[in-house]
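Report on the following structure.
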Amino acid sequence: MIRSVVKKGDERLYAVSTNVDDIQSVAEVIRDLHDTLTGVQQLYNFMRGSGIAAPQIGVNVRISVVEFDKVRYTLINPEIIEHSVENVIIREGCLSFFSERGYIPRHSFVRVRYTDENGDEQTVEATDNFASLLQHEIDHLDGKLYDFHLPTGAVLEPHLEMPFIP
């Protein structure tokens, strides 16, 4: 089922999500994340990947769904287990406040360990835009929005021509 995206200011976006111990108990959340991401992708062409985290549909569990280069990942209990010292500045947006963008320093490389929807432990390595996407979605699970990482004095840029994300 496609769910409404929780908007910036809603306290659920700032709560630390709980670990998933039983994947079957969150099967509906996983389906809804996939459905909602697919629905949003029909509204906007994401050139650098897209993702959604469970808090963005109002459920504070550690699940994100990301898509990069037409490969979709279901990340359950993801954690960054390795990252570069070097950062890159990435222009980011968020479904929860889609009409704004910001330039955020992110690790240029990450290795993420997660459980997939079949219960198998996986790792994925990512650089640049994909690394940024993974960091962004994991931040959601820790109750942080990307503007938390704005450098001192930086502000978000309005991007008013963006479609409304229901």
Seminar exercise, completed: Here the residues within the range 88-100 that are more than 15 Å from the chain's Cα centre (by Cα) and either surrounded by 15 or more Cβ atoms within 10 Å (Cβ to Cβ) or under 13 Å from Leu145 (Cα atoms) (or both) are Val88, Ser99, Glu100
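For the structure I just gave you, tell me whether Ser108 is surrounded by fewer than 15 Cβ atoms within 10 Å (Cβ to Cβ), at pLDDT 95 or above and farther than 13 Å from His136 by Cβ.
Numbers: surrounded by fewer than 15 Cβ atoms within 10 Å (Cβ to Cβ): no; at pLDDT 95 or above: yes; farther than 13 Å from His136 by Cβ: yes.
In short, no.
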Exercise. Has the range 30-37 got at least one residue that is within 22 Å of Glu92 (Cα to Cα), β-branched (Val, Ile, Thr), touching a Lys or Arg at 6+ places or on another chain (Cβ under 8 Å) and modelled with pLDDT of 95 or more?
Worked result: yes
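Would you check if Ile52 is closer than 30 Å to Gly153 by Cα and of a type in the set (A, V, I, L, M)? First the steps, then the outcome.
Values: closer than 30 Å to Gly153 by Cα: yes; of a type in the set (A, V, I, L, M): yes.
Answer is yes for this residue.
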Seminar exercise, completed: Counting only strands (runs of 3 or more DSSP E) entirely within the range 1-105, those with at least 3 residues that are of a type in the set (Gly, Ala, Ser) are 50-53
Problem set entry | Hits in the range 1-34 (condition: over 15 Å from the mean Cα position of the chain (by Cα) and of a type in the set (Lys, Arg)) | Arg3, Arg31
For this session: Output yes when any residue across the range 72-79 is surrounded by 21 or more Cβ atoms within 10 Å (Cβ to Cβ), among the polar types (S, T, N, Q) and out of contact with any His (no Cβ under 6 Å at 6 or more places or on another chain), and no when none is.
Result: no
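Results for (1) modelled with pLDDT of 95 or more; (2) touching a helix residue (DSSP H, G or I) at 6+ places or on another chain (Cβ under 8 Å), shown as yes or no for each residue.
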site	(1), (2)
Gly119	yes, yes
Gln122	yes, no
Ala126	yes, yes
Ser132	yes, no
Gln135	yes, no
Asp139	yes, yes
Gly143	yes, yes
Phe148	yes, yes
Thr152	no, no
Exercise. When you scan the range 22-66, how many residues do you find that are surrounded by fewer than 21 Cβ atoms within 10 Å (Cβ to Cβ) and basic (Lys, Arg)?
Worked result: 2
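The values are calculated or read from the model by the stated rules, or taken from the named source; none is laboratory data. As the structure is a prediction and not an experimental result, all values here were calculated from the model. No Cβ is skipped: glycine too gets one built from the backbone with ideal geometry, and neighbour counts run over all protein chains shown.
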